Amino acid sequence: MNLFRERNIDYLIIFSFAIVALLLLIANPGYFNHDELQKLDHIKASGLISYLETYVALQQGSNFGVPVRPFSFLIQGLLALFMERLPVVVHLFAVLTHAAVGCLIYSACKQLNVKRTLALTISLIFIINPLGILATGWSAALMDRWYILFGIAAFICADQYVRLGNNLFRLLLVFLFSGLSMLSKETAVILPALMGIIILADPQVIKTKRFWQAAIVWCLPVLLFMLYRLPALIASFGSPDVSAYKASIHNVPEGVFVYLAYPFLILTGEAGNWVFVSTVNMYAAIALHALVCLALVRVYGLKAFFIYVCGYFLFLAPVLLIPIKAAHYLYGSSIILSVGVGVLIIQNWKEYPIPKIIGLSALAVLFSHTIFNQAFVYSIGQCMNTAQISTESAYASSNRPARVDFQADAGAPEHVLYRMVTGRNRIGDSSSLELSVSKSGAELPDNTLGLRMNSQCVVYSPIK
C-alpha cells in the first residue's frame, strides 16, 4: 500500500471514529451557554454585516480579557445562521473540526517518523480525550480548536522547511498559519515553543539558518499582535475591573493542582466545579496522573517526564495566571496526554507489563470521563432547548411585557436559567427586553412578568 493511500485511509478512520464516538455531541438539540445565543441575538437584531463589523475586526480592547479573535468570530457568526433551525450543523461542524485536528496530529507524528500504529493510536485517543469534549461540545469554544489546528499546521510547515530544505512557500505558510492562529485565540502566543519538538527530533537543526528563519517567521505575527494589544495586556495585571481575568502569579499553584487532576475526575464536567470534588478524589486523580508520568520514566527515562510536563503545561501557561479554571483551556494539553497514554498502551506485555497496565487503566478512566462529559454537555443543551421553546410560548401568551424575571422551582436546574439569559435581551423575536433571574420566592418589581422553570426544564407562567 503506498503512503498516500495509507494516509487517506487513516484520515478516513479518524473522521469516522470521531463521528461515531462523539455522536451524542452531534445530536445535541441545544447549546451550552449564553455565548452562542448572544451572537445569534446580534445577527437577528442587526444583521450579519453588523455582526462582522463588530466582531471580525482587530481592536486593542480595554484589557486582555476582552477577546480579539476575528477568525473564530467569523466562523461563529456563519454558524449562527444555522443555530435555530439546524443545530446539528453547528455541532457536526465542531466534531469535524476536532477530527481535522486529530488528522493533523497524525500527520505531524508521521512526519516525525512515528510508526503508523502509534500515530493512529495517539490520534484516536485524542478524539475521545475528555480534555477535548468541552471545547468541542460547547460550540462557542471553537477558538480553542482553531488556534490548535492552525498551530499544528504551522508546526508541520516549519518542520518541513527546516528538515527538508529551503522552500519559501513553506515559510510563507508558517507565517500565514501563525497569523491565523493568533487571530483565532490569544493563547497562540505560546505556539512558537513547538519549535522545540524539531530540536528534540534532530538536535543538530539548531545550528542551521533554516531553523532560525522558521522560528522568526513563526514569532513575527505573535509579536505584532502582542505589541498591538500591549496596553490591554498591561491593564490585565492591574485593573480591578477585570477580576475574572486579572493575571497574578498567585493563581498558578491552584491552576496546576486543578489541571493535573481534571483528566481523571470522572464525574466532573466543568473544571470550575473542582471545588465540589472531595479532597480524596482530587488527590486520587493526581496520583493516577503521576503514575502515567512514572510509567513514562520507566519506559523512556527521566527526559520523557520533563518533556511530558513541559508539553502539558505549555498550552496552559497563559491561563495559569488567571483565576478562572475551565476545561476547554485543556484542549492543547489533551494532545500531550494522548501521546503519553498512547505510547504506554502500545508497549510489549512481556517487556513493560506495569507501564502498559497503567496506560490501559488511564485510558479506561479517560474514556469514562469522556462519556460523562458528553452526557453533561448533552443534558445542558437539551434542557436549554426545552427552556427556550417553553419560554417563548409562555412569554407570547402573557402580552409580551418589557421586563421578565425567571425563578426556579425546587429541584430545577437554576444554572440553566443563567446560561439562557445572561447578557441577553431577547425572547424569540421580541427584543430590548430586561431579563433577570431571581431566587425562588423573591418579590418581583412592578410590571414584571414572572416565569418559573420546573425540574423538567419547562418554563411556565404560574397561575395567579
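Looking at segment 389-397, can you tell me whether even one residue there is under 30 Å from Ala21 (Cα atoms), free of Cβ contacts under 8 Å to residues at least 60 places away in the same chain and open to solvent by 60 Å² or more (accessible area, probe 1.4 Å)?
yes
With the requirement that a residue be in contact with a strand residue (DSSP E or B) (Cβ under 6 Å, 6 or more places away or on another chain) and assigned to a loop (DSSP other than H, G, I, E, B), what does segment 434-446 give you?
Ser438, Ser440, Leu444
What's the total number of residues in segment 413-464 that are more than 30 Å from the chain's Cα centre (by Cα) and among the basic types (Lys, Arg)?
Residues that pass the stated criteria total 3.
For segment 1-29, enumerate the residues that are outside any helix (DSSP H, G or I) and under 22 Å from Ser368 (Cβ atoms).
Within segment 1-29, Leu22, Ala27, Asn28 qualify.
I'd like the full set of residues that are hydroxyl-bearing (Ser, Thr, Tyr), at pLDDT 80 or above and open to solvent by 70 Å² or more (accessible area, probe 1.4 Å), limited to segment 197-247.
Passing the criteria: only Tyr228.
Can we say Pro413 is more than 29 Å from Leu23 (Cβ to Cβ), open to solvent by 20 Å² or more (accessible area, probe 1.4 Å) and out of contact with any Phe, Trp or Tyr (no Cβ under 8 Å at 6 or more places or on another chain)?
Judged against the criteria, Pro413 is not a match.
Out of curiosity, is Leu37 open to solvent by 50 Å² or more (accessible area, probe 1.4 Å) and within 19 Å of the chain's Cα centre (by Cα)?
No.
Is there a residue in segment 179-188 that is open to solvent by less than 70 Å² (accessible area, probe 1.4 Å) and either in contact with a strand residue (DSSP E or B) (Cβ under 7 Å, 6 or more places away or on another chain) or at pLDDT below 95 (or both)?
Yes, segment 179-188 contains at least one residue that is open to solvent by less than 70 Å² (accessible area, probe 1.4 Å) and either in contact with a strand residue (DSSP E or B) (Cβ under 7 Å, 6 or more places away or on another chain) or at pLDDT below 95 (or both).
Across segment 324-344, which residue is farthest from Ile122 (Cα to Cα) among those that are in a loop (DSSP other than H, G, I, E, B) and out of contact with any Gly (no Cβ under 6 Å at 6 or more places or on another chain)?
Among those residues, the one meeting the criterion is Ile324.
The values are calculated or read from the model by the stated rules, or taken from the named source; none is laboratory data. Remember, predicted model here, so these are calculated numbers, not experimental data. Heads up, the Cβs are rebuilt from the backbone with ideal geometry, glycines too, and the neighbour counts pull from every protein chain shown. Protein only, heavy atoms only, side chains kept; ligands, DNA and RNA dropped before computing areas. Shrake-Rupley method; radii C 1.70, N 1.55, O 1.52, S 1.80 Å.
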